[in-house]
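The structure under discussion appears below in the form of structure tokens.
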Amino acid sequence: MRIPFALSPDLNEFSLLNFGSKRYHRGMNEFFQDGPRLGDQFDDDAVLRSYLRWRLPHAMLAEIEPGLHRLGQRAATDLLALGDAAEADPPHHVPYDAWGRRVDQIIVSNAWKALDRAAAEEGLVATAYERAHGALSRVHQMARLYLFHPSTATYSCPLAMADGAARFLELHGDERTRDAFERLTTRDPSRVWTSGQWMTERTGGSDVSRTSTIARRDGAGSAFRLHGTKWFTSATTSQMAIALARIEGAPEGGRGLSVFLIELRDAQGELRNIRVNRLKNKLGTRALPTAELTLDGTPALLVGGEGDGVRKIASLFNVTRVYNAIAAVSGMRRALALARDYAARRTAFGKRLIEQPLHAETLADLDARFRASFFVTFHVVELMGGEECGTASEAELAMLRLLTPVVKLYTAKQAVTVASEALEAFGGAGYIEDTGLPRLLRDAQVLPIWEGTTNVLSLDVWRAIERTNALAPWLGDVRATMSCVKLPRLTSAINQVLHSSEVIERYVARAQDDAARERGARKLAFAIARTAAAARMIDHAAWGAARDDADRGAVDGTLRWTARGLARELESAPVASHH
């Protein structure tokens, strides 16, 4: 094995063989490794640009591309600087003022406030509700979020909550909530609101049916006061929140819960009977204020009528889960962008890393994971846009119900894997905080936990199959798509998709035992995710090959993704309990 440095007999000094920068200092040629650099994040992303050419009308693409170019440049410049500054100056809690009065201020950095303004000006939420391009407005919006998220210290979290709240109010609100809806969806930084999402309690966690917060009537009508503790509240500096609570006397369980809108502060900016117990000290997402709160008679407005709150609030969860998937996909893309650039700058054993076959193979595997996650996620974005605009068919609505939990759980797990492998691609530098690289892994780890853990969402996939018969339309769509692809290079990939669709169909038909279904739920969800991703990758690769599209990795990535099988774990999964 060649050592990474050699003694030069001519110069009588150490001469490093690694590619980088050198400077002369005290008789030594000192080597300093160049770190990775980011270019325009829209121009550099062949996958995103090819996808948009594939799915959007030419006139729409011509209209929105300048804004995407600008946002791609900002993602590598001023937004990136703001995200770094916000991460370096995390929020802190001031419980009392200098004279001992309880004030419960959460102080955030100026950079975090600047990101709030930038998000409004860029229309990160507004684009979806302006619906300038109908159902495809969601594609435009999520493409923007995809460029924005990795540079901005998880400011996508309050945006997700704001978007979810806006969708909930669009469906269940009335004139009393009109101002809140307009503030959530405006581009005006002076008026814009974000929202918190207050569901998690010590008693329940993901099991929101065990919510113990009590709502007591405050006179007539829809005015209530809430009493209880919310153990984990994200985006706690938002102007409003959507919360679940049980109206006094309502039955136990999810059907007894109702949904409430809380405005956090009064006209003087004081919290309205809300006590901040503490800020959460988290593994990652450190710039994002997350708190434990006690509600002690907090004024709240009942929205959507009494009871059945878990079902009603599903519209909010659907939005935030798609945001979670976009964050996962864009995080993978950022990790890959950095690792690829570094591989072109770093030399080891006489060659640049990108020229080392094993390193190139590793990056190619990560690219396939990213592509699969990207295409299945944006498929769900398209379905969501159709549902919101009333243009989706019954079959598409069923597919949306099935695939929303699937893409959330699967992309989140892939994001952690890709982030971990990307750090390893940097060697020791990947473990050093000063490089900023460890944040990729810390921030990715939250994605499988927020908005439903992998196991919780795997069980939700089964519920979609049982309650809405969502599997049949999805399988029909996959098979119809495969029948239209005629590119010979993709034959093996098509066969893998058809085979896995048969495995999934047989497994669901045979798995009638409740305990066996639960044990195999994760394997089923993963098989559906890999198969759905492969079908979209094949469809895109065939389109690109027919047009000599610029995304040169589409076919190779598809073949790599399908080569190892798509439902391999499900084929051996038991379909009955063994006692």
* **Alpha-carbon centroid distance for the pair segment 137-160 / segment 452-524, whole angstrom** => 29
* Structure fact -> In nanometres, the difference between 0.36 nm per residue of separation and the alpha-carbon distance of residue 212 and residue 44 is 55.6 nm
* To do: Determine the shape class of segment 153-253: with a ≥ b ≥ c the square roots of the Cα gyration tensor eigenvalues, call it rounded for a/c under 1.5, and otherwise prolate if a/b is greater than b/c, oblate otherwise.
  => oblate
* Apportionment of accessible area to carbon and sulfur, the chain, percent (1.4 Å) -> 51
* Cα gyration tensor category, rounded, prolate or oblate, for segment 186-334 with a/c compared to 1.5 -> prolate
* To do: Using amide H atoms built 1.01 Å from N in the peptide plane, name the residues 5+ places from residue 104, or on other chains, whose amide H lies under 5 Å from its own.
  => 96
* Asked: For segment 304-408, what is the convex hull (Cα atoms) projected area averaged across all directions, in square nanometres?
  -> 8.6
* When you take every Cα atom in segment 376-494, what is the radius of gyration, and what is Dmax, the widest Cα pair distance, in Å? -> 18.3, 52
* Structure fact -> A correct Karplus calculation of ³J(HN,Hα) over segment 87-94, with 6.51 cos²θ - 1.76 cosθ + 1.60, θ = phi - 60°, whole Hz and x for Gly and Pro, returns 5, 6, 10, x, x, 9, 9, 10
* Structure fact -> With the 8 Å Cα cutoff and a minimum separation of six or more residues, the chain has a relative contact order in percent of 13
* If we restrict to alpha carbons, what Rg and Dmax does segment 230-289 come to, in Å? -> 14.2, 40
* What are the principal axis extents of the Cα atoms in segment 84-184, in Å, biggest first? -> 54, 36, 16
* To do: Please name whichever of 215, 348, 194 sits farthest to the positive end of the charge dipole of the chain, dipole taken about the Cα centre and charges placed at Cβ: Lys and Arg +1, Asp and Glu -1.
  => 348
* Going from the alpha-carbon gyration tensor of segment 497-579, what semi-axes, largest first and in whole Å, does one get by taking the root of 5 times each eigenvalue? -> 33, 10, 8
* Asked: Hey, can you rank 83-90, 149-156, 567-574 by average C-beta count inside 10 Å, highest first?
  -> 149-156, 83-90, 567-574
* **Dipole magnitude of segment 396-449, debye to nearest 20 (Cβ charges: Lys/Arg +1, Asp/Glu -1, about Cα centre)** => 300
* To do: Compute the whole-percent fraction of alpha carbon pairs in the chain spaced more than 34 Å apart.
  => 44
* Structure fact -> Quotient of Cα radius of gyration and Kirkwood radius for segment 304-347, i.e. Rg/Rh, equals 1.45
* To do: Let me have the relative contact order for segment 304-419, percent, based on Cα pairs under 8 Å that are six or more residues apart.
  => 39
* **HN-Hα J in Hz across segment 304-309 - Karplus 6.51, -1.76, 1.60, θ = phi - 60°, x for Gly and Pro** => x, x, 7, x, 6, x
* To do: Could you size up the charge dipole of the chain around its Cα centre, putting +1 on the beta carbon of Lys and Arg and -1 on that of Asp and Glu, and report it in debye to the nearest 20?
  => 740
* To do: With the Cα gyration tensor of segment 346-395 in hand, give its eigenvalues times 5 under a square root as the equivalent ellipsoid semi-axes, listed largest first in whole angstrom.
  => 42, 8, 4
* Structure fact -> Distribution output for segment 424-579: share of Cα-Cα pairs per 5 Å bin in percent, first bin at 0, values 1, 8, 15, 15, 14, 14, 13, 10, 6, 3, 0, 0
* Asked: Looking at segment 63-136, which chymotrypsin sites (Phe, Trp or Tyr not before Pro) are DSSP coil and have at most 13 other C-beta atoms within 10 Å of their C-beta?
  -> 99
* Asked: Which residue, chosen from 39, 82, 64, occupies the Cα position most advanced towards the positive end of the dipole of segment 33-91, where the dipole is computed from +1 (Lys, Arg) and -1 (Asp, Glu) charges on Cβ about the Cα centre?
  -> 64
* Structure fact -> For segment 228-235, Karplus-derived ³J(HN,Hα) couplings (6.51, -1.76, 1.60; θ = phi - 60°; whole Hz; x for glycine and proline) come out as x, 10, 9, 6, 8, 10, 7, 6
* Structure fact -> If amide H atoms are modeled at 1.01 Å from N in the peptide plane, then the residues at a separation of 5 or more from residue 277, or on another chain, having amide H under 5 Å from its own are 292, 293, 294
* To do: Could you pull the Cα extents of segment 37-109 along its three principal axes, largest to smallest, in whole Å?
  => 63, 28, 17
* Structure fact -> Sparse-neighbourhood loop hits (trypsin sites (Lys or Arg not before Pro), segment 63-162; DSSP loop; Cβ within 10 Å at most 10 others) -> 101
* Structure fact -> Gyration tensor on Cα atoms of segment 254-295, a ≥ b ≥ c root eigenvalues, a/c under 1.5 rounded, else prolate if a/b beats b/c, else oblate, says oblate
* Asked: When the helices in the chain are scored as -39500 (n - 2.57) per DSSP H run of 4 or longer and the sum is shared across all residues, what 222 nm value do you end up with, to the nearest 500 deg cm²/dmol?
  -> -16500 deg cm²/dmol
* Structure fact -> Computed over the Cα atoms of segment 100-154, the Rg and Dmax in Å are 15.4, 54
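The values are calculated or read from the model by the stated rules, or taken from the named source; none is laboratory data. Since we're looking at a predicted model, the values are computed, not measured. Glycine also receives a Cβ, built like all others from the backbone with ideal geometry; neighbour counts cover every protein chain displayed. Heads up: the accessible areas ignore ligands, DNA and RNA and are worked out on the full protein's heavy atoms, side chains in. Shrake-Rupley method; radii C 1.70, N 1.55, O 1.52, S 1.80 Å.
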